[in-house]
Amino acid sequence: MDANKLKKFKSLVSEADAILVGAGAGLSAAAGLTYSGKRFTDNFPDFIERYHLTDMYSTAFYPFETPEEFWAYFSRHIKINRYDPGPLGLYKKLYSLVSGKPAFVITTNVDGQFALAGFPEENIFATQGDYALFQCSTPCHDTLYDNHDMVMAMVEKQENFRIPPELIPKCPVCGERLDPHLRKDGTFVENSDWHAAAARYSAFIGKWKENRLLIIELGVGFNTPAIIRWPFEKMAAAMPGATLVRINKDNPEPSSALPDDTLIFQDDINRIVSSLLNG
Ligand SMILES: [Zn+2]
């Protein structure tokens, strides 16, 4: 790890008037929410044996034949990725790092970790949904439903890779199935809360665009670069007071020309954030 770059990052944090954080899957993986390897094999030995599943990414596309089987798998998936972990150390460190500064988070992660770690809900824009919520699959209306109790019941009552049919989540309005509130296609619900968060995100940028705005991008790859990655590069290039810091192990290269003060780290996010806090 480059000590000079780290020192520069540290002074950017202390001199910033405001901090914008953008986070993708790489951040939660670095925080410990890995979707493959031991975390997968420890939690799904039965499903792996029966369905030959390889990791928690590809199971999102596995064609379970019945809703009873889908929910037997997915209720456990939601439980271990959303309800069991609690606030993870890396997210708590990020919260300490920005504390005392006006800060806003935009994230494609759906695990709720920023809020769990202490970031105020009103300063988070989770663009792609949240494991903790259900929506109508049609969708016939735009209410989102807290799914904690439904998920726990499905986890508890499943037997032989099936939940009891009466536990299949159904829309209380039209009777069609409920889906996890995760963006997979055009049925994703963007309700008034979603639009309000989008508006607060724009307002935050508008408010600080003439100031020293530190833009920190963490683990954002190329699944959905138009949400965080490309706009962040554009802001860094267009706003004289803004500086972009990117931490990305796999995809560090910028897609467009960036100002000289841009900092790009290819190290583990944990190591960098810990070094910033400790030294
Ligand atoms: Zn409905």
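The values are calculated or read from the model by the stated rules, or taken from the named source; none is laboratory data. No experiment lies behind these values; they were computed from the predicted model shown. Because the Cβ atoms are built from the backbone with ideal geometry, glycine has one as well, and the counts that use them run over all protein chains shown. Accessible surface areas use protein heavy atoms only, side chains included; no ligands, DNA or RNA. Shrake-Rupley method; radii C 1.70, N 1.55, O 1.52, S 1.80 Å.
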Report task. Kindly provide the set of residues from the stretch 69-106 that are acidic (Asp, Glu) and surrounded by fewer than 19 Cβ atoms within 10 Å (Cβ to Cβ), ordered by number. Result -> Asp84
Report summary line: All conditions in (1) open to solvent by 10 Å² or more (accessible area, probe 1.4 Å); (2) within 16 Å of the ligand (Cβ to nearest atom); (3) in contact (Cβ under 8 Å) with a residue 40 or more places away in the chain are true of Cys140 except (3)
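Have a look at Glu176, Glu210, Glu156, Glu166 and point out the one that is within 16 Å of the ligand (Cβ to nearest atom) and either more than 18 Å from the chain's Cα centre (by Cα) or more than 30 Å from Ala18 (Cα to Cα) (or both).
Numbers: Glu210 fails: within 16 Å of the ligand (Cβ to nearest atom); Glu156 fails: within 16 Å of the ligand (Cβ to nearest atom); Glu166 fails: within 16 Å of the ligand (Cβ to nearest atom).
None of the others qualify; the one that does is Glu176.
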Report task. Just name the residue that is farthest from the chain's Cα centre (by Cα) out of those in the stretch 107-137 that are within 16 Å of the ligand (Cβ to nearest atom) and either buried (at least 18 other Cβ atoms within 10 Å of the Cβ) or outside any loop (DSSP other than H, G, I, E, B) (or both). Result -> Cys136
Report task. Would you point out the residue of the stretch 143-153, among those that are open to solvent by 40 Å² or more (accessible area, probe 1.4 Å) and assigned to a helix (DSSP H, G or I), that is farthest from the ligand (Cβ to nearest atom)? Result -> Met152
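Could you pull out the residue among Lys38, Lys101, Lys92 that is farther than 18 Å from Asn270 by Cβ, modelled with pLDDT of 95 or more and among the basic types (Lys, Arg)? Can you show your working first?
On the way: Lys38 fails: farther than 18 Å from Asn270 by Cβ; Lys92 fails: farther than 18 Å from Asn270 by Cβ.
Sole residue among the options that is farther than 18 Å from Asn270 by Cβ, modelled with pLDDT of 95 or more and among the basic types (Lys, Arg): Lys101.
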Query raised in the report: For the stretch 262-272, what are the residues that are in contact (Cβ under 8 Å) with a residue 24 or more places away in the chain and within 13 Å of Lys5 (Cα to Cα)?
Result: Thr262, Leu263, Phe265, Asp267, Ile272
Query raised in the report: So, of the residues in the stretch 208-246 that are among the β-branched types (Val, Ile, Thr), in contact with a Lys or Arg (Cβ under 9 Å, 6 or more places away or on another chain) and part of a loop (DSSP other than H, G, I, E, B), which turns out to be most open to solvent (accessible area, probe 1.4 Å)?
Result: Thr224
Requested in this report: Go through (1) within 16 Å of the ligand (Cβ to nearest atom); (2) among the hydroxyl-bearing types (Ser, Thr, Tyr); (3) in contact with a Leu (Cβ under 9 Å, 6 or more places away or on another chain) one by one and return the number of the condition Tyr201 breaks.
Outcome: (1)
